[in-house]
1. What is the residue count in the stretch 3-13 for residues that are surrounded by 13 or more Cβ atoms within 10 Å (Cβ to Cβ) and either in a loop (DSSP other than H, G, I, E, B) or more than 13 Å from the chain's Cα centre (by Cα) (or both)?
2. Looking only at the stretch 14-29, which residues are in a helix (DSSP H, G or I), open to solvent by 60 Å² or more (accessible area, probe 1.4 Å) and among the acidic types (D, E)?
3. Just to verify a result, which residue in the stretch 34-45, among those that are open to solvent by less than 50 Å² (accessible area, probe 1.4 Å) and closer than 12 Å to W68 by Cβ, is farthest from the chain's Cα centre (by Cα)?
4. State all residues of the stretch 36-83 that are at negative phi, in a loop (DSSP other than H, G, I, E, B) and in contact with a Lys or Arg (Cβ under 8 Å, 6 or more places away or on another chain); if no residue qualifies, say none.
5. Taking the stretch 21-74 as the region of interest, how many residues are more than 17 Å from G88 (Cα to Cα), β-branched (V, I, T) and touching a residue at least 40 places away in the same chain (Cβ under 8 Å)?
6. Is it the case that A18 is without any contact (Cβ under 8 Å) to a residue 40 or more places away in the chain and on the phi < 0 side of the Ramachandran plot?
7. Taking the stretch 55-90 only, how many residues are among the aliphatic types (A, V, I, L, M), open to solvent by 50 Å² or more (accessible area, probe 1.4 Å) and over 13 Å from L28 (Cβ atoms)?
Amino acid sequence: HRGELLGTVDTLRAERDATVGWLRSKGLEVADSDANFVLFGRFADRRAVWRDMLDRGVLIREVGPPGWLRVSIGTTEEMAAFRAALEGTL
């Protein structure tokens, strides 16, 4: 199953890179990442952003440096839901 798994890695890597670019285009700071998640911020009240995202049906993590949040990279559909929820929050 090596080919299938590596194809998934390539897809997630491309989605991560697209998410980083999108977040930066919104004026947010984004930590460089080679992982399956992205740290982004800086929010005066990250808890309020986290709560609003959760209320919109999107779970992200309230971890990392103060003012920053973490999103795990998922499928194209999941990341579209993340972008739509964050657009409504910003």
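1. 1
2. Within the stretch 14-29, just D17 meets the criteria.
3. F43
4. Correct list: N36, I60, E62, V63, P66, I73.
5. Here the count works out to 1.
6. So A18 does not fit the description; no.
7. Looking only at that region, the number is 3.
The values are calculated or read from the model by the stated rules, or taken from the named source; none is laboratory data. Model, not experiment: these values are computed from the prediction. Because the Cβ atoms are built from the backbone with ideal geometry, glycine has one as well, and the counts that use them run over all protein chains shown. Just the protein is used for accessible areas: all its heavy atoms, side chains included, with ligands, DNA and RNA removed. Shrake-Rupley method; radii C 1.70, N 1.55, O 1.52, S 1.80 Å.
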